[in-house]
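Here's the structure, in structure tokens; my notes come after.
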Amino acid sequence: MPWWSGWTERGAAGRSSRRRMLKEVAAGIGDLLFPSQCVGCGDMGRIRPGAFWCGPCWDELPWIQPPWCPICGVPYLSAPKDREDAWCGDCIGGNHVFDAARSAVFYEGKVRQGILQLKFGGKLSWVPALSELLFEAIARDPWNDRVDLVIAVPLHRRRLRHRGFNQSSLLARALARRLPKPCRLDALERNRWTEPQTRLQRADRLENVKGAFTVKHPGEVEGRTVLLVDDVFTTGTTLNECARTLKKAGASAVIALTVARSIPKHRFHKKSASSVYPEGSVCAE
Ligand SMILES: [Zn+2]
Ligand SMILES: [Zn+2]
């Protein structure tokens with residue numbers, strides 16, 4: 001078959017191969033004009049075309065790794081081999097409404113900087129690099145096969161107007177495209193103005209977001225497994241409230257996925273953790 005056949009074929013197959021070829025040509029020109037630069041170290045030499053992190057920076061990211069709680073995904077300091085699937089104290093206590101939560105990395109270093117620059121500095125160029133981390137955290141997780149729909153934690157329209165974009169929506173859309181899974185960014189709405197959660201204590205956070213969300217079109221989530229995307233998991237209060245709202249509207253399962261997880265250093269203290277959590281589930285949160 002001659003090399004130009006992709007350009008001359010009619011029909012869907014011809015159009016898709018033509019589109020692919022055009023995309024590759026455009027990417028090639030783009031790489032020549034704007035060579036890829038690692039978001040971690042700025043290096044242009046060691047990064048493969050189309051990637052956002054170079055190998056060494058990717059390997060050095062503070063990945064959250066098992067053993068972890070199978071529900072909330074919080075990593076264990078140590079867990080006996082035969083108890084790696086043990087639930088943490090929080091999950092045993094039934095504190096989470098979502099069916100599972102996963103985060104790619106700890107909220108620190110370059111990723112923390114990237115999230116802050118995206119959120120408060122409007123550096124949208126961080127979206128592909130951060131969504132690559134979301135993809136890494138969910139693509140091989142058994143939950144991924146069950147996901148029907150990707151949605152994002154919504155912003156109140158006043159905050160959306162002020163910021164101009166919802167970083168979680170941008171991340172969710174980029175991830176959905178890559179998985180690929182359907183994405184409905186208007187499925188969930190934040191209809192009540194809330195104080196930023198970072199300023200509040202845990203108990204106040206619960207009160208702050210209670211009843212803040214609504215599902216616009218329940219038919220879209222009914223009977224579906226929803227992947228709910230946000231940037232950072234701190235106490236999980238907002239994600240929990242979203243999950244509660246989605247389940248009330250009929251969602252069969254909700255999996256919370258964040259780029260990063262903020263776990264205060266003191267919670268890693270082995271002695272205090274083991275005194276709080278049951279035997280075999282020494283937990284970092
Ligand atoms: Zn690098
Ligand atoms: Zn847990």
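Some observations on this one:
- Peptides 233-242, 93-102 ordered by packing proxy, namely the average of other Cβ atoms within 10 Å per residue, highest first: 233-242, 93-102.
- Gyration tensor verdict on region 65-283 (Cα atoms; rounded if a/c is under 1.5, prolate if a/b is larger than b/c, oblate otherwise): rounded
- Inverse mean reciprocal Cα-Cα distance (Kirkwood Rh) of region 205-251, Å: 11.2
- Exceeding the 30 Å Cα-Cα cut-off - candidates LYS110/LYS216; LYS119/LYS210; LYS181/LYS247: LYS110/LYS216
- Spin-label pair LYS216/ARG157, simplified geometry with 7 Å Cα→Cβ offset, distance in nm: 1.0
- For VAL153, neighbours were defined as the other residues whose beta-carbon sits under 12 Å from its Cβ, and their charges (Lys and Arg +1, Asp and Glu -1) total -2.
- Simple spin-label estimate for ASP204 and ARG46 gives 4.4 nm between the two label positions (7 Å along the Cα-to-Cβ direction from each Cα).
- GLU136-ASN95 pseudo-label distance in nm [points 7 Å out on the Cα-to-Cβ vector]: 2.8
Read-outs: derived from the displayed coordinates by stated rules, not from any lab. These numbers were taken from a predicted model, which means no experiment stands behind them. For neighbour counting, all protein chains shown are included, and Cβ atoms are generated from backbone atoms with ideal geometry for every residue, glycine included.
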